[in-house]
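Each remark here refers to the structure printed beneath this line.
The values are calculated or read from the model by the stated rules, or taken from the named source; none is laboratory data. A quick note: this is a predicted structure, and the numbers were derived from the prediction, not measured. Note: ideal-geometry Cβ built from the backbone for every residue, glycine included; neighbour counts use all protein chains shown.
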Amino acid sequence: MTLKVGIDWDLNGWVELFKADGDADNLFGQKAANAGDLKRKTTAGAFGLVSTTTGFDPADQQYYGRGGVSLTVVDTNDRLALGYDGSLYDITGQASGTYTGSLYVKSSASTPRMRLRLISSGGTSINGTAQLMSTSAWTQLTVSGSLPHSSQSIRIELECTSGTAANVSMLGPMIVSGGTAPQYLNCGTDSQYENISAYVMNARWRTGFVRPYQNLVGIGRASLVLNNWDTRFSPEAGGALWTPNNVALRDILVRINEDATILWTEI
């Protein structure tokens, strides 16, 4: 059984709630939760509204982040770089190896065909497969391949390969080491979530339904007994999990799951 406790200290939304065990860390880090925070640059064409970020429904935040970038595709071959502004990168100093890029995209029209490109400062570029955009669901575009340069900087680019003008929204940018893209957004080692599985001595919980055929659900409750030998859960201890964030009325999300089965979730 795995227990995770998440504390949203910086109000970036509940990203990483569904990060699967074994998923690689997103090298974009915390900026990925708000895609508009990344460095970006247009090339070989024009995108409108480049600086506009869009807030998404809270139900989507746990999957894709809190904000994205809303753009207007003008012509075929229009491209937008994420993680690069023409001179500076968000991801630098990476070793040679296999990398995978991922981005969620949705369009106001089904005519654009878009693909994702993975590019190294050493001059290597890899093209993903172009796909027609959906107007109702987020399409995950991915690209994967070998970047052979040492101490390289890496970016992704969204490219329109065909189609007419349309408004395109994008969010959940990721670059990870390895050949597999995570299914949903994570913020790498900058995560606001603390995994305390190793410290759980006992866990008891119940849902809000306490008797058969109950019409109205009550408040679910969970009780956790944690090993606090190193005072990591003591608010008064310097360097503890809660310090310096031990402020009253913080939201704390707790999820209890067994493998892929969620048994209890509450804020």
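Checking the condition part of a loop (DSSP other than H, G, I, E, B) and either surrounded by fewer than 16 Cβ atoms within 10 Å (Cβ to Cβ) or without any contact (Cβ under 8 Å) to a residue 24 or more places away in the chain (or both), which residue from 204, 211, 232 passes? Don't jump to the end; show me each part of the working.
Numbers: 204 fails: part of a loop (DSSP other than H, G, I, E, B); 232 fails: either surrounded by fewer than 16 Cβ atoms within 10 Å (Cβ to Cβ) or without any contact (Cβ under 8 Å) to a residue 24 or more places away in the chain (or both).
So the residue among 204, 211, 232 that is part of a loop (DSSP other than H, G, I, E, B) and either surrounded by fewer than 16 Cβ atoms within 10 Å (Cβ to Cβ) or without any contact (Cβ under 8 Å) to a residue 24 or more places away in the chain (or both) is 211.
Only one of these conditions is not met by residue 142: (1) modelled with pLDDT of 95 or more; (2) surrounded by 23 or more Cβ atoms within 10 Å (Cβ to Cβ); (3) within 17 Å of the chain's Cα centre (by Cα). Which number is it?
(2)
So how many residues does segment 109-123 have that are farther than 17 Å from residue 88 by Cα and not basic (Lys, Arg)? Let's see the steps before the verdict.
Let us first name the residues in segment 109-123 that are farther than 17 Å from residue 88 by Cα, namely 109-117.
Subsequent filtering for residues that are not basic (Lys, Arg) retains 109-112, 114, 116.
Counting residues in segment 109-123 that are farther than 17 Å from residue 88 by Cα and not basic (Lys, Arg) gives 6.
Looking at residue 172, is it part of a strand (DSSP E or B), touching a strand residue (DSSP E or B) at 6+ places or on another chain (Cβ under 7 Å) and either of a type in the set (Lys, Arg) or under 17 Å from residue 184 (Cβ atoms) (or both)?
Numbers: part of a strand (DSSP E or B): yes; touching a strand residue (DSSP E or B) at 6+ places or on another chain (Cβ under 7 Å): yes; either of a type in the set (Lys, Arg) or under 17 Å from residue 184 (Cβ atoms) (or both): yes.
Against the criterion (part of a strand (DSSP E or B), touching a strand residue (DSSP E or B) at 6+ places or on another chain (Cβ under 7 Å) and either of a type in the set (Lys, Arg) or under 17 Å from residue 184 (Cβ atoms) (or both)), residue 172 qualifies.
Suppose the filter is outside the structural domain of residue 153 (by TED's automatic domain parsing) and either modelled with pLDDT of 60 or more or surrounded by 18 or more Cβ atoms within 10 Å (Cβ to Cβ) (or both); does residue 9 pass it? Give the derivation first.
Values: outside the structural domain of residue 153 (by TED's automatic domain parsing): yes; either modelled with pLDDT of 60 or more or surrounded by 18 or more Cβ atoms within 10 Å (Cβ to Cβ) (or both): no.
So residue 9 fails the test.
Between a residue in segment 22-36 that is outside the structural domain of residue 171 (by TED's automatic domain parsing) and closer than 19 Å to residue 183 by Cβ and any residue that is at pLDDT below 85 and aromatic (Phe, Trp, Tyr), which pairs come within a Cβ distance under 8 Å, given they are 6 or more apart or on different chains?
Once the first residue is outside the structural domain of residue 171 (by TED's automatic domain parsing) and closer than 19 Å to residue 183 by Cβ and sits in segment 22-36, no partner that is at pLDDT below 85 and aromatic (Phe, Trp, Tyr) comes close enough.
Looking at 97, 86, 93, which one is more than 10 Å from residue 158 (Cβ to Cβ), touching a Ser or Thr at 6+ places or on another chain (Cβ under 9 Å), modelled with pLDDT under 95 and not β-branched (Val, Ile, Thr)? Outline the logic, then answer.
On the way: 97 fails: modelled with pLDDT under 95; 93 fails: modelled with pLDDT under 95.
Just one listed residue meets the conditions, 86.
Taking segment 113-128 as the region of interest, how many residues are in a loop (DSSP other than H, G, I, E, B) and closer than 18 Å to residue 172 by Cβ?
So in segment 113-128, the residues in a loop (DSSP other than H, G, I, E, B) come out as 121-124, 128.
Narrowing further to those that are closer than 18 Å to residue 172 by Cβ: 128.
Of the residues in segment 113-128, 1 are in a loop (DSSP other than H, G, I, E, B) and closer than 18 Å to residue 172 by Cβ.
So which of 179, 172, 122 is touching a residue at least 24 places away in the same chain (Cβ under 8 Å) and on the phi > 0 side of the Ramachandran plot?
Numbers: 179 fails: on the phi > 0 side of the Ramachandran plot; 122 fails: on the phi > 0 side of the Ramachandran plot.
The unique qualifying residue is 172.
What about residue 134, is it in contact (Cβ under 8 Å) with a residue 24 or more places away in the chain, assigned by TED's automatic domain parsing to the domain that holds residue 87 and part of a strand (DSSP E or B)?
Working: in contact (Cβ under 8 Å) with a residue 24 or more places away in the chain: yes; assigned by TED's automatic domain parsing to the domain that holds residue 87: yes; part of a strand (DSSP E or B): no.
So residue 134 fails the test.
Can you go through 223, 151, 169 and tell me which one is more than 24 Å from the chain's Cα centre (by Cα) and in the same structural domain as residue 100 (by TED's automatic domain parsing)?
On the way: 223 fails: in the same structural domain as residue 100 (by TED's automatic domain parsing); 169 fails: more than 24 Å from the chain's Cα centre (by Cα).
Exactly one of 223, 151, 169 is more than 24 Å from the chain's Cα centre (by Cα) and in the same structural domain as residue 100 (by TED's automatic domain parsing), namely 151.
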